[in-house]
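One structure is given here, and the rest of the page talks about it.
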Number of protein chains: 2
Amino acid sequence: MQQQRQLEIERRLRDIVGERVFVDVAQRVSYGYDGSFGQYLPDFVTQPLATSEVQQIVKLANVYDLPIYPRGAGTNLSGGSLPVNGGIVLDFSQWNDEVTIYPDDLIIKTRPGVKTADIHALAEQHQLMYPPDPSSSSVCTIGGNLAENAGGPHGVKYGVTKDYVIGLEVVTAQGDIIRTGGNTIKNVTGYDLTKLLIGAEGTLGIITEATLRLIPKPPATQTALIVFEDLGSAGRSISQILTSGVRPSKMEILDHHAINKVVDYAGIDLPRDAAALLLVEVDGDEAILRKELETIKAALAKMGVTQVKIAGSKAEEAELWQVRKAVSPAVVERGFTKISEDATVPLSKIPHMFEKVDEIKQKYDLNLVVFGHAGDGNLHPTISANMRDPEAVKNVERAVEEIFNYAIELGGTLSGEHGIGTMKKPFMTREFDPASLAFQKAIKDALDPDHRLNPGKIFPATGETRLVLSHDD
Amino acid sequence: MQQQRQLEIERRLRDIVGERVFVDVAQRVSYGYDGSFGQYLPDFVTQPLATSEVQQIVKLANVYDLPIYPRGAGTNLSGGSLPVNGGIVLDFSQWNDEVTIYPDDLIIKTRPGVKTADIHALAEQHQLMYPPDPSSSSVCTIGGNLAENAGGPHGVKYGVTKDYVIGLEVVTAQGDIIRTGGNTIKNVTGYDLTKLLIGAEGTLGIITEATLRLIPKPPATQTALIVFEDLGSAGRSISQILTSGVRPSKMEILDHHAINKVVDYAGIDLPRDAAALLLVEVDGDEAILRKELETIKAALAKMGVTQVKIAGSKAEEAELWQVRKAVSPAVVERGFTKISEDATVPLSKIPHMFEKVDEIKQKYDLNLVVFGHAGDGNLHPTISANMRDPEAVKNVERAVEEIFNYAIELGGTLSGEHGIGTMKKPFMTREFDPASLAFQKAIKDALDPDHRLNPGKIFPATGETRLVLSHDD
């Protein structure tokens, strides 16, 4: 009976998308995980290549009461694409070549499977820029960026994915095709469904097309590396820089432990006793960039700076950014698992957060470094742990919980750019009071009453208040 | 019976806000209009000065089944604050002094009645900037800006109100107090209710506090006035400028008729035969601004430019901006009414829109000029008409309808920054198909099932598809 139902669904899926249906366990298993934790098995995997196909699959899912899990490249870190209740995975990664630029309108129209890197390249061919730059850009899809409202180092000056999406085509939970926003940067016609859907993690509708706005590409960039003798100074320097009259295009921070990992891993020459370092990029007209970095240097005259390196060439600039790029691989240890968090705090609270995380590191004897996007308070405490050791797992769970609690206590938030997914939903009730969470749920219930779209994400189950990391990864 | 009910409601309102309740017709009548059309009479006017007062008033409105109309300074142009169904007006204009800046966090927390100009000034005291700059800034309230998602000339580089709001306190239709967003620029924790509520025109919740993010104030500005011999060249120049590597902070356009109005009204020396002019401001380091304007000038070498004036001093820059500032008063005629539209189109379609509006002007023999925010396609066709002449009213109605239809045909939108309110709701079904509009309505119905909050706005009544301008103004 059950098997007959499965065969019937498979046949009807094939009527919609032909050969692009996978039912073998060997095929399905590779769609069961992402960049976070846990392994789940979807019942069906399909690769739609048209809005009408998505629409028909959703209608089919309604007939058979199956959950739907949209998926890009699966790079996300919060479990947004995990098929936790089985059902149908919509793998958009093959719908990757429908992307058109309209240079005179400064917009791009794209389907969800297009790689973010391809959008960057297309814009740059026309002296334009699509600023959002998550570190997974070279492999991730724009659809995943849209679902999670991806960020990146450009956030401090240019904002995040949401700030560049002006229109969407969406398939609703009922299988209707709707349009939100349009082709203009300014638009106040009706409710802003575009910005509601970006970052909703695929729980309110399935994005099948997006209209992205572009901006003029700044002609040049220049970078400074600034080393600090104590964390407090590094923290206070962030506001100092942002009120100096110069507007950095990137401002990244590495703590003492991250610096030492980078020295060990990449052999880059950095002072091992430094408390922290900032990498500050400015962009714009070549003629002014060096002066802007000097202005920043002057603004930090009394801020415990021990060293300032200003890149003298493009090659030197690339070298400085190697420091930041090396952090993530430097943290990886053979056989260990990397847990990347992104608790985010108000700018003035960055030093407090660094100190607390250091305390937590000591308390649980963790291999933990902190780096992140200093200009917007978006920190990435990153732990490397042996997740086959139950005691280590417990320690990670406790540490992550304490980090979140403190971020919220400081007026911060659970997630700056990674999303809630499965990983952070147990903590939602710590950030939101019941009425505020109920307001969000009312929207979900109104638009997707059967909870068909990406169920098991964002909202905690009743009584779910603790992080439990699966051992299956 | 009816009178007894009124007295009972008045008494209960006085229990909440004391003397800040108005019931005399003479007092209520001044709350019945705004910057658009029509005159309505609310049953009660109150001036809340605390979130708990707003909460209690909403709960009272639920008991007596009364609509609620939040109101700032009443400057809006689309009818957003009109109490079309009577009920209770919440006049926030007196809740105007609770505003605090946190310079180290680059944020401001404000109550709805604070003037936008006060927020600008407070930010500037700390070398910071709150960029949204609607032309009513000196008199309007931030609450109105939040409800309507106000824009302004800064939009081309800095975006609109929504781009600077990171958290809200809101009283729901049921009288619950909720919080959305927080204190951080990056935030992907749960649904983005902040951006849903900004621009929702008070129909989904009543904003009682907002957290605004600030950016570093650019140290200097510089402006160029560029005159064109034909409209097509002016239009094409917009994309040309935006792909020149320079990013203007303002880019305003005036058509031939607007230019001549300005010459007549303000006696400013401009060529009367010009087809259009652009005012382009760049901001940043003083040292580079002149060079940036020269870059723009060079980029327009073959674009039908007849004159370029670059301001040589702050005084000359202020003079150039007088051209733009004079347009609005120049259009006003004694005894006539000004109808300001804000149809918005993709950048490449600006010349088409100008040509069409000129056709419509001729067809209906209208006193009509076009100006607006060229850098984001946000045009303000502005008509001056004798609204006591029924034939003139009919012509205005027809002209406005044709302007909207063509904007939508060009892939544009009904409103770039003024909002939908009462004025544009008849046209919503032209921009949105039934499923797209139903998606919006589902959110309204879920959050405010009794349609208590600002009813009669955004969504057209059944069969309402034409603009009917009231003769009561």
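Key figures for this structure:
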| item | result |
| --- | --- |
| For A:66, A:347, order by how many other beta-carbon atoms lie within 10 Å, fewest first | A:66, A:347 |
| The protein assembly as shown, dipole about Cα centre (Lys/Arg Cβ +1, Asp/Glu Cβ -1), debye to the nearest 20 | 140 debye |
| Relative contact order %, the range A:1-99, counting alpha carbon pairs below 8 Å whose residues are six or more apart | 31 percent |
| Other copies of residue A:220: label-to-label distances in nm, shortest first, labels 7 Å along the beta-carbon direction | 1.8 |
| Order of B:321, B:95 - criterion: other Cβ atoms within 10 Å of each residue's Cβ, fewest first | B:321, B:95 |
| Kyte-Doolittle mean at least 0.0 and Cα axial length at least 18 Å: DSSP H helices in chain A | A:51-64, A:434-447 |
| Inter-part distance where the range B:242-309 and the range A:165-182 are each reduced to a Cα centre, Å | 38 Å |
| Two-site label geometry, residue B:29 and residue A:333: point separation in nm, points 7 Å out along Cα→Cβ | 8.0 nm |
| Sequence-separation-based contact order of the range B:140-179, relative, with Cα cut under 8 Å and 6+ spacing, percent | 24 percent |
| Taking chain A and dividing mean pair separation by its residue count, relative contact order in percent (alpha carbons under 8 Å, at least six apart) | 16 percent |
| Inter-probe distance in nm under a simple model that places probes 7 Å from Cα toward Cβ, at residue A:301 and residue B:63 | 6.4 nm |
| FRET efficiency for residue A:388 and residue A:429, using Cβ-Cβ distance with R0 set to 30 Å, rounded to 0.05 | 0.50 |
| Label 7 Å beyond Cα on the Cβ vector: residue B:442 copy-to-copy distances, nm | 1.7 |
| Inter-copy spacing of residue B:127 label points, which lie 7 Å from Cα along Cα→Cβ, given in nm from shortest upward | 3.2 |
| Charge dipole magnitude, Cβ of K and R +1, D and E -1 - chain B, Cα centre, debye nearest 20 | 340 debye |
| Between the range A:375-452 and the range B:86-114, the alpha-carbon center distance in angstrom | 30 Å |
| Ranking of A:337, A:172 by count of other Cβ atoms within 10 Å, fewest first | A:337, A:172 |
| Structure-based [θ]222 nm, chain A - -39500 (n - 2.57) summed over DSSP H runs of at least 4, per residue, nearest 500 | -10500 deg cm²/dmol |
| Distance between the range A:69-84 and the range B:42-58 - C-alpha centres, whole angstrom | 45 Å |
| 26 Å Cα-Cα threshold exceeded, pairs from A:157/A:349; A:361/B:195; B:250/B:291; B:162/B:441; A:109/A:325; A:186/B:59 | A:361/B:195; A:109/A:325; A:186/B:59 |
| q = 0.12 Å⁻¹: log10 I(q)/I(0) that the Debye formula gives for the range A:110-261, counting C-alpha atoms only | -0.62 |
| Residues of type aspartates and glutamates that residue B:363 reaches as a straight line, Cα spacing below 17 Å, ignoring anything fewer than 8 places off in the same chain | B:355, B:391, B:397, B:401, B:402 |
| When the range B:337-399 is reduced to its Cα atoms, the Kirkwood hydrodynamic radius in Å | 12.0 Å |
| Additional length obtainable on full extension of the chain from residue A:10 to residue A:41, 0.36 nm per residue less Cα span | 9.6 nm |
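Bear in mind that the values in this text are calculations on the coordinates, not laboratory data. All of these numbers come straight from a predicted model, not from anything done at the bench. Cβ: placed from backbone, ideal geometry, glycine included. Neighbour counts: every protein chain shown.
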